[in-house]
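Take a look at the structure set out below.
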Amino acid sequence: MPYFRIRHQLSIVNNSLLWGLRSIIPESLRPHALQRLHKTHPGQVAMKRIARKHFWWPYLDTDIANIVAKCESCSKVQHDTAKVPLQPWPAAERPWQRVHIDFAGPFMERMWLIIVDAHSKWLEVIQMKVGKTTTGHVTVELLNLFSWFGIVEELVSDNGRQFVSDNFERFCTDLGVKDTLTPPYHPQSNGQAERFVLTFKDAKKKGEDDDGGGTVAKRVRLLRFLQRYRQTPHPSTGHAPAELFLKRSPRSQWDMLYPTALANLKKKRLDMKTYFDKKTKGKELSIGSQVVIRAYHSKDKWVKGVIVERQGAVKWLVKVDDYNKPWARHSNQIRRVPTENDVSPDIELEVLGASPRIDNDVNGHVEDRENDDTFISLNNDETDASSYVADDGPSREHSMPPAPPVEPSVSDSPQEPQQPLCRSTRERRPPKFYKP
């Protein structure tokens, strides 16, 4: 029986059977509990996190997987997650230290302002009318949000017209907010907001078939989604966004299942930098470097320029000929022009935070061998570095140019004939094996 192995952990409180702090749902009420659990169409992982916090019954994980697999609304919006190399943002140490914002829409005849706190993953969704998303409308919504939770320290946004205007820059300056713009045409730099835009759209599409399309139903569906998301432990922090942002666990309908609320959540941290560094290559750029950068409004795909300023780990300002204002570009949109001092034009580049690598030119290769105590010469004759390189097989990417041939000097004295190599004259015989 499934209850036999946990028989010593079962207890009865207020006529309810408990396993630790989790209520054991009777078999007749399990379908209803699963329907309530899948009300806003969360995925399997989110449903299991909520269930393991409040209740249990045998084969609960299997029942959750089955109800998600049979849900038609969820099957209609399945998508593939794109994985691209990213330079991760520094970890925020406190709530409201860095906030990412972005627009979703036009979607369902509305524009949606997505606001995400980098520390707690707290999500705010503000519904706005199409055409009513100017800088003035955005600043009013932000002031309303600041009146609730205080003024943020840093605001990260893309290059939308609302966020690059002089009025928005003045708004941030007056409030003491650091306004950070991601490189244009590079949405991965604002990945937190972009990812939550996708999560929000999926949730809205999944719930359309449940509550209809009325104005009140849409508003209720949005509030239910926000309530469920804020109280679900996030995989990157191991805590619910509400716990980190509000410093408490808000009461939910699942707290009525057992007398004493709140089960401890295990801490889990995802190291994004290690994950992305496995798929990225470094770049070495500096102010004054001759480069070619990606052009999006020109007949030429790449144009020449000079780096004049560094604005972040991977953001640069490049001065382009015939343009007065420098262009802002991401490191992935820049290629360095090789100079005469470069050994090879294909030299790899390095950005801040990339792991160090060993130089592959011949001089560095030989120097590493000479400094290694385990490399011992077996010949007393003088040897040069080329003898070591020749034993390594084909030349590497950064090879030294071959030395010019040495012409023999002309001399009147006849050259002495070279002595033939001495070879052993011992007769060699194959071994004789015993044959009975």
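The values are calculated or read from the model by the stated rules, or taken from the named source; none is laboratory data. What you see is a predicted model; the values in this text were computed from it and never measured. We place every Cβ from the backbone using ideal geometry, glycine too, and count neighbours over all the protein chains shown.
Which residues, counting only those in segment 316-340, are more than 14 Å from Ile287 (Cα to Cα) and part of a loop (DSSP other than H, G, I, E, B)?
Matches in segment 316-340: Asp321, Asp322, Tyr323, Asn324, Lys325, Pro338, Thr339, Glu340.
Look through segment 244-260, keep the residues that are out of contact with any helix residue (DSSP H, G or I) (no Cβ under 9 Å at 6 or more places or on another chain) and touching a residue at least 60 places away in the same chain (Cβ under 8 Å), and return whichever of them is farthest from Ala92 (Cα to Cα).
Pro259
If you go through segment 161-179 one residue at a time, do you hit one that is of a type outside the set (A, V, I, L, M), more than 23 Å from the chain's Cα centre (by Cα) and in a loop (DSSP other than H, G, I, E, B)?
yes
Which of the residues belonging to segment 284-315 are part of a loop (DSSP other than H, G, I, E, B) and in contact with a Phe, Trp or Tyr (Cβ under 7 Å, 6 or more places away or on another chain)?
Within segment 284-315, Leu285, Ala295, Tyr296 meet the criteria.
For a quick check of your reading of the model, give me the residue pairs whose first member lies in segment 1-16 and is surrounded by fewer than 12 Cβ atoms within 10 Å (Cβ to Cβ), whose second is of a type in the set (Phe, Trp, Tyr), with beta-carbon atoms closer than 8 Å and at least 6 apart or on different chains.
Once the first residue is surrounded by fewer than 12 Cβ atoms within 10 Å (Cβ to Cβ) and sits in segment 1-16, its partners that are of a type in the set (Phe, Trp, Tyr) give Pro2/Tyr59; Gln9/Trp19.
Would you mind finding the one in Ala33, Ala104 that is surrounded by 13 or more Cβ atoms within 10 Å (Cβ to Cβ), touching a helix residue (DSSP H, G or I) at 6+ places or on another chain (Cβ under 7 Å) and among the small types (Gly, Ala, Ser)?
Selected residue: Ala104, the only one of Ala33, Ala104 that is surrounded by 13 or more Cβ atoms within 10 Å (Cβ to Cβ), touching a helix residue (DSSP H, G or I) at 6+ places or on another chain (Cβ under 7 Å) and among the small types (Gly, Ala, Ser).
Inside segment 29-108, counting only helices (runs of 4 or more DSSP H) that do not spill past its ends, which hold 3 or more residues that are within 27 Å of Thr237 (Cβ to Cβ)? Write out each step before concluding.
On the way: elements: 30-37, 44-54, 60-69, 72-76.
Counting at least 3 such residues, we get 30-37, 44-54, 60-69.
Please go through (1) in contact (Cβ under 8 Å) with a residue 40 or more places away in the chain; (2) crowded, with 16+ Cβ neighbours inside 10 Å; (3) out of contact with any helix residue (DSSP H, G or I) (no Cβ under 8 Å at 6 or more places or on another chain) for Lys53 and return the number of the only condition it doesn't satisfy.
Failing condition for Lys53: (3).
Filter segment 321-341 down to residues that are crowded, with 18+ Cβ neighbours inside 10 Å and of a type outside the set (Ser, Thr, Tyr) and give me whichever is nearest to Val291 (Cα to Cα).
Of the residues in segment 321-341, the ones crowded, with 18+ Cβ neighbours inside 10 Å are 327-334, 336.
Then drop every residue that is not of a type outside the set (Ser, Thr, Tyr), which leaves 327-330, 332-334, 336.
Working: Trp327: 12, Ala328: 13, Arg329: 11, His330: 13, Asn332: 12, Gln333: 10, Ile334: 7, Arg336: 4 Å.
Out of the qualifying residues, it is Arg336.
Just checking, how many residues over segment 5-35 are of a type in the set (Gly, Ala, Ser) and in contact with a strand residue (DSSP E or B) (Cβ under 6 Å, 6 or more places away or on another chain)?
Initially, segment 5-35 is screened for residues of a type in the set (Gly, Ala, Ser), giving 11, 16, 20, 23, 28, 33.
Now narrow it down to the ones that are in contact with a strand residue (DSSP E or B) (Cβ under 6 Å, 6 or more places away or on another chain): 11, 16, 23.
Residues that pass the stated criteria total 3.
Scanning for something farther than 30 Å from Arg310 by Cα, of a type in the set (Phe, Trp, Tyr), in contact with a Leu (Cβ under 8 Å, 6 or more places away or on another chain) and modelled with pLDDT of 90 or more, does segment 149-171 turn up at least one residue?
no
Restricting attention to segment 23-50, which residues are over 30 Å from Leu222 (Cβ atoms) and not β-branched (Val, Ile, Thr)?
Pro26, Glu27, Ser28
Could you tell me which numbered condition Ser147 fails, if it satisfies all but one of (1) surrounded by 14 or more Cβ atoms within 10 Å (Cβ to Cβ); (2) assigned to a helix (DSSP H, G or I)?
Only one criterion in (1) surrounded by 14 or more Cβ atoms within 10 Å (Cβ to Cβ); (2) assigned to a helix (DSSP H, G or I) is unmet by Ser147, namely (1).
Can you tell me which residue in segment 298-316 is surrounded by the fewest Cβ atoms within 10 Å (Cβ to Cβ), limited to those that are within 27 Å of the chain's Cα centre (by Cα) and under 15 Å from Pro184 (Cβ atoms)?
Selected residue: Gln311.
Could you grab the pairs with beta carbons closer than 6 Å, sequence gap of 6+ or different chains, first residue in segment 213-225 and among the aromatic types (Phe, Trp, Tyr), second one part of a helix (DSSP H, G or I) and surrounded by 13 or more Cβ atoms within 10 Å (Cβ to Cβ)?
Note: pairs meeting the criteria are Phe225/Ala203.
Given the conditions (1) in contact with a Leu (Cβ under 8 Å, 6 or more places away or on another chain); (2) modelled with pLDDT under 90; (3) surrounded by 11 or more Cβ atoms within 10 Å (Cβ to Cβ), which single one is not true for Leu86?
(1)
Look through segment 109-133, keep the residues that are surrounded by fewer than 15 Cβ atoms within 10 Å (Cβ to Cβ) and not basic (Lys, Arg), and return whichever of them is farthest from Glu169 (Cα to Cα).
Selected residue: Glu109.
Going by the conditions given, is Ala104 in contact with a Lys or Arg (Cβ under 7 Å, 6 or more places away or on another chain), touching a residue at least 60 places away in the same chain (Cβ under 8 Å) and either small (Gly, Ala, Ser) or under 17 Å from Leu222 (Cα atoms) (or both)?
On the way: in contact with a Lys or Arg (Cβ under 7 Å, 6 or more places away or on another chain): yes; touching a residue at least 60 places away in the same chain (Cβ under 8 Å): yes; either small (Gly, Ala, Ser) or under 17 Å from Leu222 (Cα atoms) (or both): yes.
So Ala104 fits the description; yes.
Could you list all residues from segment 295-307 that are under 18 Å from Thr182 (Cα atoms) and either charged (D, E, K, R) or out of contact with any Ser or Thr (no Cβ under 9 Å at 6 or more places or on another chain) (or both)?
Matches in segment 295-307: Ala295, Tyr296.
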